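Heads up, the thing below is written out as C-alpha coordinates.
The values are calculated or read from the model by the stated rules, or taken from the named source; none is laboratory data. Keep in mind that this is a model prediction, so the values were computed, not measured. Accessible surface is based on the protein model in full, side chains and every heavy atom, while ligands, DNA and RNA are left aside. Shrake-Rupley method; radii C 1.70, N 1.55, O 1.52, S 1.80 Å.
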Amino acid sequence: MNKLYIGNVSEQASALDLETIFEQWKIPFSAPFLVKSGYAFVDCPDDKIAMKAIDTLSGAVNCRSGIFPLTCSGR
(Lines give C-alpha, C1' and ligand atoms only; values in the text may rest on other atoms or scores of the structure.)
Protein backbone atom coordinates (compact mmCIF):
# COMPACT_ATOMS: atom_id res chain seq x y z
CA MET A 1 0.00 0.00 0.00
CA ASN A 2 1.05 3.59 -0.64
CA LYS A 3 0.20 6.36 1.75
CA LEU A 4 -1.05 9.42 -0.09
CA TYR A 5 -0.77 12.88 1.46
CA ILE A 6 -3.58 15.27 0.54
CA GLY A 7 -2.84 18.91 1.29
CA ASN A 8 -4.84 22.14 1.13
CA VAL A 9 -7.91 20.36 2.46
CA SER A 10 -10.68 22.77 3.43
CA GLU A 11 -11.47 23.02 7.13
CA GLN A 12 -15.06 22.14 6.24
CA ALA A 13 -14.14 18.98 4.31
CA SER A 14 -14.81 15.63 5.92
CA ALA A 15 -13.59 12.10 5.28
CA LEU A 16 -16.90 11.49 3.50
CA ASP A 17 -16.20 14.44 1.15
CA LEU A 18 -12.82 12.98 0.22
CA GLU A 19 -14.27 9.50 -0.23
CA THR A 20 -16.90 10.97 -2.56
CA ILE A 21 -14.24 12.77 -4.62
CA PHE A 22 -12.16 9.60 -4.97
CA GLU A 23 -15.22 7.55 -5.89
CA GLN A 24 -16.36 10.20 -8.39
CA TRP A 25 -12.99 9.97 -10.17
CA LYS A 26 -12.93 6.14 -9.81
CA ILE A 27 -9.75 6.18 -7.73
CA PRO A 28 -9.71 3.21 -5.36
CA PHE A 29 -8.46 3.57 -1.81
CA SER A 30 -7.77 0.82 0.67
CA ALA A 31 -8.33 2.39 4.07
CA PRO A 32 -10.41 5.14 5.69
CA PHE A 33 -9.27 8.72 5.20
CA LEU A 34 -7.42 10.27 8.12
CA VAL A 35 -8.46 13.93 8.03
CA LYS A 36 -6.59 16.56 10.05
CA SER A 37 -6.77 20.33 10.03
CA GLY A 38 -5.86 21.29 6.45
CA TYR A 39 -4.59 17.91 5.27
CA ALA A 40 -5.42 14.22 5.08
CA PHE A 41 -3.90 10.81 4.43
CA VAL A 42 -5.26 7.76 2.67
CA ASP A 43 -3.79 4.44 1.57
CA CYS A 44 -3.84 3.57 -2.13
CA PRO A 45 -3.54 -0.06 -3.22
CA ASP A 46 -0.44 0.50 -5.42
CA ASP A 47 1.90 3.06 -7.04
CA LYS A 48 -0.14 3.30 -10.23
CA ILE A 49 -3.31 4.27 -8.39
CA ALA A 50 -1.44 6.73 -6.17
CA MET A 51 0.02 8.41 -9.27
CA LYS A 52 -3.47 8.55 -10.86
CA ALA A 53 -4.75 10.31 -7.74
CA ILE A 54 -1.87 12.79 -7.83
CA ASP A 55 -2.33 13.53 -11.53
CA THR A 56 -6.12 13.71 -11.38
CA LEU A 57 -6.80 15.49 -8.11
CA SER A 58 -4.00 18.05 -7.86
CA GLY A 59 -5.75 21.36 -8.42
CA ALA A 60 -9.25 22.66 -7.76
CA VAL A 61 -11.73 19.97 -6.77
CA ASN A 62 -15.44 20.46 -6.18
CA CYS A 63 -17.26 18.71 -3.35
CA ARG A 64 -20.34 19.41 -1.25
CA SER A 65 -18.25 21.58 1.09
CA GLY A 66 -17.32 23.81 -1.85
CA ILE A 67 -14.41 24.07 -4.26
CA PHE A 68 -10.98 23.73 -2.76
CA PRO A 69 -7.46 23.14 -4.05
CA LEU A 70 -5.97 19.73 -3.29
CA THR A 71 -2.33 18.85 -3.39
CA CYS A 72 -1.66 15.12 -3.55
CA SER A 73 1.74 13.56 -3.15
CA GLY A 74 3.09 10.11 -2.41
CA ARG A 75 4.88 8.96 0.70
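Odds and ends about this structure:
- By accessible area, using a 1.4 Å probe on protein heavy atoms only, segment 3-63 has 56% of its surface on carbon and sulfur.
- Protein-only accessible surface order, largest first, of 47, 17, 55 at 1.4 Å: 55, 47, 17
- Take residue 58: with every protein chain present and a 1.4 Å probe, its accessible area is about 60 Å².
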